[in-house]
Amino acid sequence: MTAAPVPSGVRAARRRDRRVYTRSHPVLFTLLALARHRPVTRLGGTLLVHGGDAYRHALTRVPLDRTAAGTTGGAARELAAGGALFDQEGTGHRAARRAVSEGLGAAGVERLRPVWREVLTRCPAPLAAGRTLDLVPVARELAGATVRALLGTGGDPQAVAEAAARAAAAAVRDHLPGPRPPGAGRAAATATARLAALLTEDAPGESGEGALRAILAVAAVNTTVAALPRAVAWCADAALWDQAADDRLRPALVDELLRVIAPSPLLPRAAAADAVLDGCPVRAGDRLILVARHAARAHTDPPDACAPAPPTVAGLVFGAGPHACPGARLARAQLDDTLAALAPYRPGVVRARVDRSAALPGWRSLTVRATTSPEEGR
């Protein structure tokens, strides 16, 4: 039986999107691509986890060391000097996650929605006038304004987003595989202190919460700035604007796009006890590189709202079980509204530059131009 041919638009979208990996971390993602055909691959004391079942098992059934060096939690502990959402243990961790989840639950997201919709109301003006639009600054403003509203703090949205990007870029050098660059921890701490200062400008007396606010801002801003332009590029290259314009199909398309772009493609973790993953023994202290992109089949199954992946697969890009990302609802809502705002213009990509220094694979600039008027696009 012959597989159905891949449409040329999907091939073009894959080629473009692959650049954010190959030009930002070429050695790392080449290694991951070579190992992806096995659910679990051991390289010394590191296990590369690609298979969906093994990925889910690692997050839900393998005891994890939340403070180990080289993990997201370990980086967060260094940035926040302890007590951050990503590295707390037991009741402290659960209480912090509960507080964040309440702010990012259905009611919290609806409270925040007018903030980013105001940005999206203004952003199509250049498209309507026949000019080009760079979507990366739009995503930064949207993310920065949302974080300010979420945390109840001040600071210019663009400045907050820039500071969050710098803090994340400095921190990520500490928990990606490979040798740690000299001064990485100091650079990350300095960048985070700058971000914390921005977030407490209008909140005197609350500086002790600055580090936690900074960590939350880093997570929210960098995910948004990485995800939104990449999703728009996919819609433009793979001719998905008709699905984006359909109110009935758009929610499924949002899930599909987030599955395929996998904004946080790797989850670095460390095993706290012996276990087994897909028949491969895991020893306490082993490093686990959980490849969300491969677990969610982003590299094989293109986005299609008419034939979406099962929720159990699509949701893996946000983790699983107690380690699921509390910001998933926010990410879906922001992308849904972004696609709804741009779909009437059916924008096409004019220029795209990879951000080689970003914490998450993404574009430094993504310039688009309308290919139709709003009247024709509806």
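Each value in this text was obtained by applying a stated rule to the coordinates, not by laboratory testing. Just so it is clear, the structure is predicted and the values come from calculations on it, not from any experiment. Glycine gets a Cβ as well: all are built from the backbone with ideal geometry, and neighbour counts include every protein chain shown.
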What whole-number distance in Å separates the alpha-carbon centres of segment 331-355 and segment 240-286?
21 Å
Over 14 Å [Cα-Cα, segment 257-321], rounded percent:
60 percent
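At 25 °C and 0.890 mPa s, what whole-number value in µm²/s does Stokes-Einstein give for the translational diffusion of segment 331-378, with Rh from the Kirkwood sum over Cα pairs?
200 µm²/s
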Determine, for 369, 269, 186, the number of other Cβ atoms within 10 Å of each Cβ, and report the residues in order from fewest to most.
186, 369, 269
For the pair residue 121 and residue 280, what calculated FRET efficiency results from E = 1/(1 + (r/R0)^6), where r is the Cβ-Cβ distance and R0 = 51 Å, to the nearest 0.05?
0.50
Placed amide H near residue 354: partners under 5 Å, 5+ positions off or other chain:
364
So the FRET efficiency between residue 190 and residue 239, C-beta based with R0 = 45 Å and rounded to 0.05, is 0.50
